[in-house]
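*Asks:* If you scroll down you'll find the structure; I have some questions about it.
The values are calculated or read from the model by the stated rules, or taken from the named source; none is laboratory data. Computed from a prediction, not measured in an experiment: that's the story for all the values here. FYI the Cβ positions are ideal-geometry reconstructions off the backbone, even for glycines, and counts take in every protein chain you see. SASA here: full protein model, heavy atoms, side chains in, ligands and nucleic acids out. Shrake-Rupley method; radii C 1.70, N 1.55, O 1.52, S 1.80 Å.
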Amino acid sequence: MLSPKPYGRTMPYTPAYSNLNDPEKGLSPSSPTRLARRLMVLPRRPRWIISAIVLSGVLFFLYTAGPTGSEHGHGHKNGHPPPPPHHGQGGPPPEFVEGWDEGYDEGVEDHQQRPGAGSGDGGGGGGKWGGWLPFGGAKPSHSQPETGDASDEMLEPEAQPQSPKLYDFIVDENGDQFVTNYEVDIAPMHPDVSLLPSPQSLFPEIDVTQSQPPINEKYPEDQLRDIISEPESAEESGTPREEARFTIPDDAWVKSWKAPEGWDAPPEQMRKVQWEGFAGARDGWENEEQRAVRLERKEAVRRGFKHAWEAYKRHAWGHDEVKPVSKTPSDPFNGWGATIVDSLDTLLLMGFSDEYNLCRPHVNQLNFNWVTGRDWNNTYVSEDTTIGAVYAVARDKGVGLGVFETGIRYLGGLLGAYDLSGDQLLLERATDLAHVLSRAFTTKSGLPAGRIDPGAPHDEMIQLSTVSVAEVGSMSLELIRLSQITKDRKWFDLAQRAMDYLDERVTPRSLQPPLIPMWFQPDADVDTVQHGGYTFGGLADSYYEYLVKTYKLLGGTAVSQVWKRVYEASIDRAKQLLYQDITVVPDRDLLTIGKFDGHQLIHEMEHLTCFAGAMLGLGAKLLSRPGDMEDALRVTGTCYWLSADTSTGLQPEVAEWYKPTDTKNMYHNVSLEDGLPYHQPVKYYSKLRGKPTGTKKVVGRGINRPETIESIFYMYRLTGDRKWQEKGWKMFVSWMQTAKVDGGISSIQDVTADQVRFGDNMESFALAETFKYHFLLQSEPDVMSLDDYVLNTEAHPFLVNPKLDPTSSTSHVRYWTPPTSPPDDPASAAALKLGVRSQGTNVQKFMRLQILDRARSRLIPQVQGDHPGSRPPGAGAGAGAGSGLAPLHPPQHVPPHGGGGHGMGGGGGDPNFRPKPPTIPNAPTVEEIAAQRIKAGGGENGAPANANANAPGSEDVVRLEFPEDF
C-alpha cells in the first residue's frame, strides 16, 4: 500500500476505480480478459482495427526506442519540456493526481503498465520499458507472465534482473511516478565492524620497537655570543628601568577579594564514575576472543602514533608541528616544540619511555623568554662591530604570548606527564612557566588576559576589553593541580578568584544566566547586560568542561561547591536553550547542542561541541544526574553519525541541519534511473539534501580533532558497553585510511568530498589527544581510570586520588623508566645530557639568530650576505673568512610564525591570528654612525678614539638601541 502520510502529512488520494469487480463497470481497463474480448470483436468494428494497428505501432516504437537516461520528456523530442513544479531544485514530495487504484498489493515492480494498455504488451515486461513509462503505471499482478510473452522476447539477456526491486509509487500531476519506498543511503548509527580491515593490515611496516634519533641541527657553542648577552652587559646597556603605566585601582573588585580557607582540605568521598563491572573479574566484561581483538586494535593505534611521531622527529624536531605533506616545520605556538611537550604523557602511556627520555633535554633547555625568537625579557647588547659601534636591541614588548594555548598545551603537558612519571624536571619547568603565565591575571577583575607582554612591570595593570569565556575560564585545572603538587596556594588563588568573579559579576549580567556569551566585556558596568551568542562550542567549550572537572579535582570540598553549583545550573539552562532533537533525518536518533545567536537557535553541531558527551557523562555519574547520561549517549551517538555519514568517515568541523519547517529547501528530486537531479524523471524519488544527510551548511575541514573520540572513550568507560569500542575502531580506521601520508597524519580540506585533498598540517593535539583517546579506548579500563584522574581540555591527566604517588618507583601509576647510567647506546647517552637549563633549544637559538640578524643587516649593511645567519644551510667552513664571523648553519625552514595551528578553538578569537613581527625601524646608516662617532670624539673614519672605547661601559662609545617594538 501507499504510505498514508508520506513526510508527515496526509497526501491527497482518490482511487480511479472504487470496485474493480463491479459488474456495472465491467472488467478493469488493464484486465487481459477485457482486452482479449475487445480484440475478438474488432472485425465487426473496422475503425477499431485501424486504431489498433496505429496503437501497436506506437507501442512498438516506444519499446524499441524508449527514453535514455537523458530523455525523460512526455513526447518532447529531447525529453526536456519546461519542468513541472516538483522538478525544481527542491521541495516536499509532489501533490499526486487522482485516479489510482487503492486495491493493489504492497510493492510495485520496476516495470509498470499504465491503465488502458493492451495485455499483449506484457504487464511484467522488463528492459527499457521496465525503467520508463510515459503515462504512469498501475499495480500489475505478481503472477509470472506466460511463456512467450512479448516483453520477454524484447528483453536483452544482459539486462534481465536477477531479483527485481519492487517499488511503491504514486503518480504525480505530470503523470510521473513518485517512488515512496526508495531507501536512501544514510549511514547507520552503529558500524558493521566485520566490513573493516583487520588491525594487522594497518601500518604493517611500522616496528614500534625501532626508533631513529631525531634530526636536530646543533647550534655551535662558540657562536652563542651572537644571540646571548652576558647579564651584566644588559644592565650596562643604558636601558632605563620600566615603570608601570597603569596600576590596579584600590576600588577594583580584585582588591576586595578574600581568599577562602581550606583550599587544601582532604577530599571528600567521591562517587565512582567508571562502570562498576570493570571492578570485577575480567570474564565479567571481556572474554578471551574479545580481548584478543582489543589488543590487536590497541597495537594498531600504537603503530599509527609511532608513524606520526617518527615523521615529526625526521622533519620538524624542536618545532611546534610538522606539515606532513610538504614535510616542513611550523611554529604557531611560540616555537617551543608544542608537539614534544604535548605528547609527553602519550609517550608514557603507550610504553615509549625511551622516546620520552629523548624529549627531556628539550624540556630542560626551553627558554620561555623567547617567543619565536623574540625576547620579551632581556635586552641584547652586541660586541663591538666592524665599525666600532655597540648596539642594543631592547626587549620585545609585542610578542603577544597566547595564554590559553600555552596553558593547556605546555603547562598542562608538563603537569600531566609529571603525574604519570614523577619526573621532577617537569615539575620545575611547569613552575617556571606558571610564573610567566601568572602575569595574565594582573587585571581589575582577576580574569586572565588572552595575550600578554610577560616582561611588563609586575604591577602594571592589563586592560581587558572583550574576552572569550573559554580564555578566562580554562586555567583552573592546571593552576590548582600545580598548587596541590607544590603546596603553594598562590596558583589556586588565581584560579579561584577568577571563578568567583565570573560567578558574582558576570553570570548575573548575562541575558541567559548562568550561561555566559562567547564574547563579553568583563570590566563593563555592573548594570550592563551581556548579550551575544551562547554555545558549548568554540570560544566557550572548556569553560563548562572545567566546571565539573575542577569540582572533581578539588575532591568535593567546601571550596569546590561554587564550581558544582554553576555547572549544574548551566546544564539545566542549556537544556532549555541549546538542546535540539534533529528530526529531519529519518530513523536516526539525533540530538545536537546548537548555538543560540541573534535570538534564534541554530541547529548545528560543531566538532568542538562533541566534547559535551564526555562532560555530561562525567557529570551524570559524579553528581547523580541520570538524565544527563541519556543526553550524553545521544549527543555522542550523533557526533559519531556525523563522521559515519561522510564519504571519508571523518567528521566535518561544523554541520548545520535543516529545520523541520524548511521542507521547500531540504529535498530534491532524483531520477531512479540515472541518479541525477533535475532531469525531469518519470520515475523518481525525493532525497534529503546534504552530506551528512539533512545538513544545509557544512564546514568540511578536518584537522584530526579529538572531541568525538574523547566522548566515545568516556561512554565506554562509564557504561561498559563494547559498542563504543566498535564505533571508535571504525573512526580510527577511517582516519588512518584517509589522512595518513609519509610525513605524518594530515588534515583534510573537505571530509565530505569524494576526492581527498590534504590540508598539510598535523596539530600537536593529534598526538596529545586523538591518538591517546583511541589508545585508551582499546586499553584495560584500569589504565588511567577516570576514578583516579581528571583530564584537562588537551587530554593531559591530573591525579585526583591522593593515595597514588607517581614519584614512587614501585607505583603502578608511574609509567616512566629513567635512562640507564652508564648508557648502553648513543640515544641513551643523549638523553642523559640535558644541556643548560633555559638556554634555549637549538631551534630557538636559530630563531633568535634570525631576529638579531635582521637588526644587523639593517644597521650594518656590510654584513648582509656574509653573516652565517644569512647563508643557506650547508655553507662551507670558510664561508665567513675575512668577515670575523664564523660560518653557521641555520635550520632549513624557520619561519618567524609558521602556518598550521588552528588551535582547539576554545579562545583567542580567530585561531589563525598570530601577532605579526614588528617592522624594523629605519636604522642609522654607516655614515650617520661615523658622524656620531666624530661628534663623540672619535676619528674621522668613525673608529674609536681610544683602545677601550669599544667596551660596553665606555663613555666614548655610541650605543644604538633599537626601539622597544623591534
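*Asks:* Which ones in the range 334-349 are open to solvent by less than 10 Å² (accessible area, probe 1.4 Å) and of a type outside the set (Ser, Thr, Tyr)?
*Replies:* Once the filter is applied, which keeps residues that are open to solvent by less than 10 Å² (accessible area, probe 1.4 Å) and of a type outside the set (Ser, Thr, Tyr), the range 334-349 yields Gly335, Trp336, Gly337, Ala338, Ile340, Val341, Asp342, Leu344, Asp345, Leu347, Leu348.
*Asks:* Ok, one more. State all residues of the range 438-456 that are of a type in the set (Lys, Arg) and not in a loop (DSSP other than H, G, I, E, B); if no residue qualifies, say none.
*Replies:* Arg439, Arg451
*Asks:* Could you grab the pairs with beta carbons closer than 6 Å, sequence gap of 6+ or different chains, first residue in the range 604-632 and under 15 Å from Glu710 (Cβ atoms), second one open to solvent by 20 Å² or more (accessible area, probe 1.4 Å) and of a type in the set (Ser, Thr, Tyr)?
*Replies:* Taking only residues 6 or more apart or on different chains, not a single pair turns up.
*Asks:* Test Gln755 against the criterion of being open to solvent by 40 Å² or more (accessible area, probe 1.4 Å) and not in a loop (DSSP other than H, G, I, E, B), and give yes or no. Before the answer, list the steps.
*Replies:* On the way: open to solvent by 40 Å² or more (accessible area, probe 1.4 Å): yes; not in a loop (DSSP other than H, G, I, E, B): no.
No.
*Asks:* Can you name every residue in the range 739-752 that is open to solvent by less than 20 Å² (accessible area, probe 1.4 Å), outside any strand (DSSP E or B) and farther than 24 Å from Gly413 by Cβ?
*Replies:* Within the range 739-752, Val751 is the sole residue that qualifies.
*Asks:* Condition test on Phe732, is it under 16 Å from the mean Cα position of the chain (by Cα), open to solvent by 40 Å² or more (accessible area, probe 1.4 Å) and at negative phi? I'd like the intermediate steps shown before the answer.
*Replies:* Details: under 16 Å from the mean Cα position of the chain (by Cα): yes; open to solvent by 40 Å² or more (accessible area, probe 1.4 Å): no; at negative phi: yes.
No.
*Asks:* Still on this structure, please answer the following. Given the options Leu464, Leu427, name the one that is in contact with a Ser or Thr (Cβ under 9 Å, 6 or more places away or on another chain), buried (at least 18 other Cβ atoms within 10 Å of the Cβ) and over 23 Å from Pro797 (Cβ atoms).
*Replies:* Leu464
*Asks:* Among the residues of the range 233-250, is any in contact with a Phe, Trp or Tyr (Cβ under 9 Å, 6 or more places away or on another chain), modelled with pLDDT of 90 or more, in a loop (DSSP other than H, G, I, E, B) and surrounded by 14 or more Cβ atoms within 10 Å (Cβ to Cβ)?
*Replies:* Checked against the condition, which is being in contact with a Phe, Trp or Tyr (Cβ under 9 Å, 6 or more places away or on another chain), modelled with pLDDT of 90 or more, in a loop (DSSP other than H, G, I, E, B) and surrounded by 14 or more Cβ atoms within 10 Å (Cβ to Cβ), the range 233-250 yields no hits at all.
*Asks:* Can you name every residue in the range 469-504 that is hydroxyl-bearing (Ser, Thr, Tyr), surrounded by fewer than 24 Cβ atoms within 10 Å (Cβ to Cβ) and farther than 20 Å from Asp423 by Cβ?
*Replies:* Listed by number, the list holds a single entry, Tyr501.
*Asks:* Does Val301 satisfy being touching a residue at least 24 places away in the same chain (Cβ under 8 Å), in contact with a helix residue (DSSP H, G or I) (Cβ under 9 Å, 6 or more places away or on another chain) and either closer than 15 Å to Val783 by Cα or open to solvent by 60 Å² or more (accessible area, probe 1.4 Å) (or both)?
*Replies:* On the way: touching a residue at least 24 places away in the same chain (Cβ under 8 Å): yes; in contact with a helix residue (DSSP H, G or I) (Cβ under 9 Å, 6 or more places away or on another chain): yes; either closer than 15 Å to Val783 by Cα or open to solvent by 60 Å² or more (accessible area, probe 1.4 Å) (or both): no.
When the stated conditions are applied, Val301 does not pass them.
*Asks:* Show me the helices (runs of 4 or more DSSP H) found entirely inside the range 457-536 where at least 2 residues are under 20 Å from Ile248 (Cβ atoms). Write out each step before concluding.
*Replies:* Working: elements: 469-472, 476-486, 490-501.
The helices (runs of 4 or more DSSP H) meeting that bar are 469-472, 490-501.
*Asks:* Right, Glu383: open to solvent by 20 Å² or more (accessible area, probe 1.4 Å) and over 30 Å from Leu776 (Cβ atoms) or not?
*Replies:* yes
*Asks:* Which of the residues belonging to the range 605-659 are among the charged types (D, E, K, R), open to solvent by 10 Å² or more (accessible area, probe 1.4 Å) and within 19 Å of the chain's Cα centre (by Cα)?
*Replies:* Glu606, Glu653, Glu656
*Asks:* Considering Leu799, Leu776, which residue is over 15 Å from the mean Cα position of the chain (by Cα), closer than 26 Å to Thr406 by Cβ and surrounded by fewer than 24 Cβ atoms within 10 Å (Cβ to Cβ)?
*Replies:* On the way: Leu776 fails: surrounded by fewer than 24 Cβ atoms within 10 Å (Cβ to Cβ).
Answer to the selection: Leu799.
*Asks:* What pairs come out if I take residues in the range 757-782 that are among the basic types (Lys, Arg) and pair them with residues that are crowded, with 21+ Cβ neighbours inside 10 Å and in a helix (DSSP H, G or I) whose C-beta lies under 6 Å away, six or more apart or interchain?
*Replies:* Qualifying pairs under 6 Å: Lys772/Thr346.
*Asks:* Residue by residue through the range 653-669, note down the ones that are part of a loop (DSSP other than H, G, I, E, B), among the charged types (D, E, K, R) and over 15 Å from Pro692 (Cα atoms).
*Replies:* Of everything in the range 653-669, just one residue is part of a loop (DSSP other than H, G, I, E, B), among the charged types (D, E, K, R) and over 15 Å from Pro692 (Cα atoms), namely Asp662.
*Asks:* Here is a follow-up. Against the conditions (1) open to solvent by 10 Å² or more (accessible area, probe 1.4 Å); (2) touching a helix residue (DSSP H, G or I) at 6+ places or on another chain (Cβ under 6 Å), where does Leu415 fall short? Just the number, please.
*Replies:* So the condition that Leu415 fails would be (1).
*Asks:* Follow-up. If Ala440 passes every condition in (1) surrounded by 24 or more Cβ atoms within 10 Å (Cβ to Cβ); (2) closer than 20 Å to Glu504 by Cα but one, which one does it miss?
*Replies:* (2)
*Asks:* Can you name the residue in the range 849-862 that is under 26 Å from Asn216 (Cβ atoms) and open to solvent by 10 Å² or more (accessible area, probe 1.4 Å) and, of all such residues, is modelled with the lowest pLDDT?
*Replies:* Pass one, the range 849-862, residues under 26 Å from Asn216 (Cβ atoms): 849-854, 856.
Narrowing the set further to residues that are open to solvent by 10 Å² or more (accessible area, probe 1.4 Å) leaves 850-851, 853-854, 856.
On the way: Gln850: 95, Ile851: 93, Asp853: 90, Arg854: 87, Arg856: 79.
That would be Arg856.
*Asks:* Step by step: first the residues of the range 505-524, then only those that are of a type in the set (D, E, K, R) and open to solvent by 40 Å² or more (accessible area, probe 1.4 Å), then the one that is farthest from Thr466 (Cα to Cα). Which residue is that?
*Replies:* My answer is Arg505.
*Asks:* Testing Ser542 on (1) open to solvent by 10 Å² or more (accessible area, probe 1.4 Å); (2) within 27 Å of the chain's Cα centre (by Cα), one condition comes back false. Which one is that?
*Replies:* Looking at each condition in turn, Ser542 falls short on (1).
*Asks:* When both residues are 6+ apart or on different chains and their Cβ atoms are under 7 Å apart, which pairs have a first residue that lies in the range 422-446 and is touching a residue at least 24 places away in the same chain (Cβ under 8 Å) and under 30 Å from Thr810 (Cα atoms), and a second that is outside any helix (DSSP H, G or I) and of a type in the set (D, E, K, R)?
*Replies:* Gly422/Arg814
*Asks:* Is it the case that Glu673 is farther than 18 Å from Met189 by Cα, acidic (Asp, Glu), modelled with pLDDT of 95 or more and in contact with a His (Cβ under 9 Å, 6 or more places away or on another chain)? Spell out the reasoning first.
*Replies:* Working: farther than 18 Å from Met189 by Cα: yes; acidic (Asp, Glu): yes; modelled with pLDDT of 95 or more: no; in contact with a His (Cβ under 9 Å, 6 or more places away or on another chain): yes.
The answer is no for Glu673.
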